[in-house]
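> Sharing a structure with you now.
The values are calculated or read from the model by the stated rules, or taken from the named source; none is laboratory data. In this text, all values refer to a predicted model and were calculated from it rather than measured experimentally. Note that we place each Cβ from the backbone using ideal geometry, even for glycine, and neighbour counts take in every protein chain shown.
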Amino acid sequence: MYAWGDDMSDWARPSAYNFKGGRKAKSARKKAAKESKQRGGRRYLNRASPDLDLASPFGKTISTESANPIVVAVDVTGSMSSWPGEIFDRLPLLYQTLSQYRDDLEISFVAIGDATCDSYPLQVTDFAAGIGLEDQLNALYGEGGGGGGARESYELFAYYLLTRARAPNASKPFLILYGDEGFYEEVEAAQIRYYLGGKERRNRDSYEVWGALSEAWNVFHLRKRYPGRDAQIRGQWEEAIGAERVLELPAAERAVDMALGLIARSWGHYEDFEDNMRARQPERLVRELRERLEAEGAA
């Protein structure tokens, strides 16, 4: 599990990289490391349900004054297996790497399930920064459910983000969505009212929702393959958000590196990110990630 602060002693080549950034970013990393140590180190709660005070989407609008917010949404149903844990374990790496490029970075975490059968099909945390992200992350519950139709309620999440998220200082913030299945073709009004609140009376076309969201957000869907229906599922996503926004993941351990590479490249810091990755991973994996981004048309 990655630690807060600048301690890279467990990296493969710790002397090959130093976190940079301005004084504010360095100070924030130092403060986070100190607080994490006082808490007894990083750990995730073995929850039986989410902390609804922090994670319930009902009647809640998330907002941030950051010009560089990111939403990280993860499918936590059973077919994702151990992938959500691998992604969330790399929280400090994700935040610390990107916050050195943009020190006003804030992140919101989302857990996605299936509104047709799960108890908690959508969990959404407020935007936060630094060690505060640990509290938000620990509020989430990996239900491990999901339906049997190779679809989950990604569209309900898309509707939430489109209508209940505010980032007035961001021109086009990033949404990184991890998952393996398709979405339902309509956002059901009854589900909106029950899980999100409000008075929506008609179903919404999911493709229209994803299209509107893609105009406002820099949307990338990073996919775990789904045996048996993979081509069909990928085709649905490509139609919804564009083929260049749908990227295959080779392994759970590469999921966060893929997101880091996409964002670092967009922000003009891909070379630094590769130096970061090179200190953690063999050169072969650095090259493979670059080739994969290039093959997917994302680099």
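Each row is one residue, and each column tells you yes or no for (1) part of a helix (DSSP H, G or I); (2) closer than 24 Å to PHE88 by Cα; (3) under 17 Å from the mean Cα position of the chain (by Cα).
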{"site": "GLU244", "(1), (2), (3)": "yes, no, no"}
{"site": "GLU253", "(1), (2), (3)": "yes, yes, yes"}
{"site": "MET258", "(1), (2), (3)": "yes, yes, yes"}
{"site": "ALA264", "(1), (2), (3)": "yes, yes, yes"}
{"site": "PHE273", "(1), (2), (3)": "yes, yes, no"}
{"site": "ASN276", "(1), (2), (3)": "yes, yes, no"}
{"site": "ARG290", "(1), (2), (3)": "yes, yes, no"}
{"site": "GLU294", "(1), (2), (3)": "yes, no, no"}
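> OK, next. In the stretch 188-212, which residue that is surrounded by 15 or more Cβ atoms within 10 Å (Cβ to Cβ) and more than 21 Å from the chain's Cα centre (by Cα) is nearest to ALA115 (Cα to Cα)?
Taking the candidates together, the pick is GLN191.
> Buried (at least 24 other Cβ atoms within 10 Å of the Cβ), more than 18 Å from PHE220 (Cα to Cα), of a type outside the set (Phe, Trp, Tyr) and touching a Leu at 6+ places or on another chain (Cβ under 9 Å): does that describe GLY113? Reasoning before the result, please.
Details: buried (at least 24 other Cβ atoms within 10 Å of the Cβ): yes; more than 18 Å from PHE220 (Cα to Cα): yes; of a type outside the set (Phe, Trp, Tyr): yes; touching a Leu at 6+ places or on another chain (Cβ under 9 Å): yes.
The answer is yes for GLY113.
> Okay, moving on. Being closer than 22 Å to GLU86 by Cα and either of a type in the set (A, V, I, L, M, F, W, C) or modelled with pLDDT of 95 or more (or both): is that true of LEU175 here? Give the derivation first.
Working: closer than 22 Å to GLU86 by Cα: yes; either of a type in the set (A, V, I, L, M, F, W, C) or modelled with pLDDT of 95 or more (or both): yes.
Spelling it out, LEU175 is indeed closer than 22 Å to GLU86 by Cα and either of a type in the set (A, V, I, L, M, F, W, C) or modelled with pLDDT of 95 or more (or both).
> Among the residues that make up the stretch 231-241, is at least one of them of a type in the set (A, V, I, L, M, F, W, C), crowded, with 20+ Cβ neighbours inside 10 Å and more than 28 Å from SER171 (Cβ to Cβ)?
In the first step, residues of the stretch 231-241 are kept if they are of a type in the set (A, V, I, L, M, F, W, C); the result is 231, 233, 237, 240-241.
Retained after the next criterion (residues that are crowded, with 20+ Cβ neighbours inside 10 Å): 233, 237, 240-241.
Okay, now just the ones that are also more than 28 Å from SER171 (Cβ to Cβ), so 233.
For the stretch 231-241, residues of a type in the set (A, V, I, L, M, F, W, C), crowded, with 20+ Cβ neighbours inside 10 Å and more than 28 Å from SER171 (Cβ to Cβ): present.
> Looking at the stretch 197-223, I want the residues that are closer than 25 Å to VAL256 by Cα and touching a residue at least 60 places away in the same chain (Cβ under 8 Å) and have a partner that is among the charged types (D, E, K, R) and not in a helix (DSSP H, G or I) with Cβ atoms under 7 Å, at least 6 apart or on another chain. Which pairs are those?
If the second residue must be among the charged types (D, E, K, R) and not in a helix (DSSP H, G or I), the pairs left are TRP217/LYS172.
> Can you go through ASP103, ASP126 and tell me which one is assigned to a loop (DSSP other than H, G, I, E, B), under 30 Å from PHE19 (Cβ atoms) and at pLDDT 95 or above?
On the way: ASP103 fails: at pLDDT 95 or above.
After ruling out the rest, the residue left standing is ASP126.
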